[in-house]
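The values are calculated or read from the model by the stated rules, or taken from the named source; none is laboratory data. As the structure is a computational prediction, the values presented were derived from the model and not from experiment. Please note: Cβ atoms are built from the backbone with ideal geometry, for glycine as well, and neighbour counts cover all protein chains shown. These area figures cover heavy atoms from the full protein model, side chains too; ligands, DNA and RNA do not enter into them. Shrake-Rupley method; radii C 1.70, N 1.55, O 1.52, S 1.80 Å.
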Amino acid sequence: MNSMYFTEEHESFRQSFKDFLQKEVVPHIDKWEKEGTVERFIWKKFGEMGYFGLNQPEEYGGLGLDLFYTVIFLEELQKVNSGGFAANMWAHAYLAMTHLNKEGDDRIKREYLTPSIEGDKIGCLCITEPFGGSDVAGMRTTAIKKGDTYVINGSKTFITNGVYSDYLVVAAKTNPEDKHKGMSIFIVDRDTPGISSTKLDKLGWRASDTAEIAFDNVVIPVENLMGEEGKGFPYIMQHFALERLVMGINAHARAEYAVEYAIQYMSERQAFGKTLDKFQALRHKIAEMASRVDMCKEYNYSIAKRLNDGVYVVKEASMSKLLSTKMADEVIYDALQLLGGYGYMEEYPMARLLRDSRLGPIGGGTSEILKEIIAKMVIDKKEYKPAT
Ligand SMILES: Cc1cc2nc3c(=O)[nH]c(=O)nc-3n(C[C@H](O)[C@H](O)[C@H](O)COP(=O)(O)OP(=O)(O)OC[C@H]3O[C@@H](n4cnc5c(N)ncnc54)[C@H](O)[C@@H]3O)c2cc1C
């Protein structure tokens, strides 16, 4: 137990969540990985257990708990070793639902946030477009006001929960002439006429439905605008602090899982008459891997604490994602090597872990884009402020 951040209540939550995952999730993972989707019943079970409402306001059915419950939720999700299953859950709870809670009005919260917490409605966040994901402000999807409606046209891609979600949180240009100030955020029902989605095949995150989504004259009521018109860009940037920390925490947790698994394997596997964990070269490899995991984990916890205290940690969260995802890829690569040929086999966990981990430096802001942001802050002394 890391008592600087985790209380006994946190730890008993961790144990009960772990038990829940072993009983309700692990027996289905291989099936979901093969089918490329997660069955609906598990969403409902997560909802019934309160797992989608950990950090959401009690007024709307959430538990209003501190961020370390979220840290535990993310860490334990990684340790069932399906990056795709984990992504479905955290993209719903920490991408789509963050916008509902922060920008949605009371009606939107009652109609979408509460059922999301209860596991009755699944959400996705649609920002990336086929023409480019890194240049968020350069997006081409438009939402043009006509009377008491907005009409959405354009397309999004690589959207997690993009096929099976019930609603979409969509970023679109309300003023296409204006790059940063012309963007707004909307809530859109899946069954609105004009929406179609195509499932994408991909290297990893196989249990997750990733989709390209087309919007063809999709008419939504003006009330479905979330927050203020023209503030979409600062809203997105503001929530990136949490989202990037989420991805940093995911990274340290999956790397930790890889190290724990490798240590266990090495204590059982023999070569040249002794177990692998007696070979100094391999012991030193583990020592280095474990140290790198711990460095990221402790950093991520300290940033989670500051975010929980209300500090705007945009630089630190970018640093967390940049280095934790790199560390995870490298540690998992080395962990696979420690299993020899078994590391390459699907019946052992490293193959999937390696595939799934590779998304870390790409999704939610690539490492190159994070370096741009960090460079602006540390070299040019640029200050990013939360949207008001
Ligand atoms: C499995 C998966 C799930 C995803 N889920 C979601 C989701 O739920 N919602 C969502 O909105 N998006 C999602 N994404 C999209 C993801 O955030 C984008 O893929 C990412 O932001 C990069 O955008 P891009 O793929 O268009 O790459 P591009 O922007 O085309 O970049 C291509 C390459 O050029 C580099 N590059 C671009 N600009 C610069 C620059 N200025 N300086 C240096 N290098 C640069 C990039 O780093 C990258 O290496 C997901 C992606 C994947 C693969």
Notebook entry, point to check: On the given criteria, is TYR301 outside the structural domain of LEU74 (by TED's automatic domain parsing), in contact with a Leu (Cβ under 9 Å, 6 or more places away or on another chain) and at negative phi?
Noted result: no
Margin query: Considering only the range 164-180, I want to know if a residue exists there that is closer than 30 Å to PRO349 by Cβ, touching a residue at least 40 places away in the same chain (Cβ under 8 Å) and more than 16 Å from the ligand (Cβ to nearest atom).
Written below: no
Notebook entry, point to check: Say we look at the range 4-31 and pick out the residues that are among the aliphatic types (A, V, I, L, M) and assigned to a helix (DSSP H, G or I); which of these is surrounded by the most Cβ atoms within 10 Å (Cβ to Cβ)?
Noted result: VAL25
Next item on the list: Select from the range 205-226 the residues that are touching a Gly at 6+ places or on another chain (Cβ under 7 Å) and either in the same structural domain as MET89 (by TED's automatic domain parsing) or open to solvent by 40 Å² or more (accessible area, probe 1.4 Å) (or both) and list them in ascending order.
Entry: ARG206, ASP216, ASN217
Margin query: Against the conditions (1) open to solvent by 10 Å² or more (accessible area, probe 1.4 Å); (2) within 26 Å of THR141 (Cα to Cα); (3) within 16 Å of the ligand (Cβ to nearest atom), where does GLN78 fall short? Just the number, please.
Written below: (2)
Checklist line | From the options GLY365, GLY360, GLY341, residue that is over 16 Å from the mean Cα position of the chain (by Cα), closer than 24 Å to GLY83 by Cα and outside the structural domain of ASP209 (by TED's automatic domain parsing) | finding: GLY341
Item checked: Leading residue by the ranking (farthest from the ligand (Cβ to nearest atom)) among those in the range 135-157 that are touching a helix residue (DSSP H, G or I) at 6+ places or on another chain (Cβ under 8 Å) and not basic (Lys, Arg) -> ASP148
Note to self: Which count do you get for residues in the range 129-142 that are open to solvent by less than 30 Å² (accessible area, probe 1.4 Å) and in contact (Cβ under 8 Å) with a residue 60 or more places away in the chain?
What the structure shows: 3
Next item on the list: May I ask you to say which residue of LEU63, LEU21 is farther than 23 Å from ARG244 by Cα and either more than 19 Å from the chain's Cα centre (by Cα) or away from the ligand (no atom under 16 Å from the Cβ) (or both)?
Entry: LEU21
Margin query: Suppose the filter is out of contact with any Asp or Glu (no Cβ under 9 Å at 6 or more places or on another chain), of a type in the set (D, E, K, R) and either in a helix (DSSP H, G or I) or open to solvent by 30 Å² or more (accessible area, probe 1.4 Å) (or both); does LYS34 pass it?
Written below: yes
Checklist line | Any hit, the range 325-341, residues being within 29 Å of GLY227 (Cα to Cα), within 15 Å of the ligand (Cβ to nearest atom), touching a residue at least 60 places away in the same chain (Cβ under 8 Å) and in contact with a helix residue (DSSP H, G or I) (Cβ under 7 Å, 6 or more places away or on another chain) | finding: no
Check: Looking at this structure, is GLY194 touching a strand residue (DSSP E or B) at 6+ places or on another chain (Cβ under 9 Å), touching a residue at least 12 places away in the same chain (Cβ under 8 Å) and within 12 Å of the ligand (Cβ to nearest atom)?
Finding: no
Next item on the list: Consider LYS202 carefully, then state whether it is free of Cβ contacts under 8 Å to residues at least 40 places away in the same chain and open to solvent by less than 30 Å² (accessible area, probe 1.4 Å).
Entry: no
Next item on the list: Those residues that are more than 11 Å from the ligand (Cβ to nearest atom), of a type outside the set (Ser, Thr, Tyr) and open to solvent by less than 30 Å² (accessible area, probe 1.4 Å), I need them from the range 342-379; list them, please.
Entry: GLY343, PRO349, MET350, ALA351, LEU353, ILE374
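A quick yes/no check of all residues on (1) open to solvent by 20 Å² or more (accessible area, probe 1.4 Å); (2) modelled with pLDDT of 95 or more; (3) not in a helix (DSSP H, G or I):
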residue: GLU228; (1), (2), (3): yes, yes, yes
residue: GLU256; (1), (2), (3): yes, yes, no
residue: ILE263; (1), (2), (3): yes, yes, no
residue: GLU288; (1), (2), (3): yes, yes, no
residue: LYS297; (1), (2), (3): yes, yes, no
residue: ASN300; (1), (2), (3): no, yes, no
residue: LEU323; (1), (2), (3): yes, yes, no
Checklist line | Failed criterion for ALA91 (all others in (1) open to solvent by less than 10 Å² (accessible area, probe 1.4 Å); (2) without any contact (Cβ under 8 Å) to a residue 60 or more places away in the chain hold) | finding: (2)
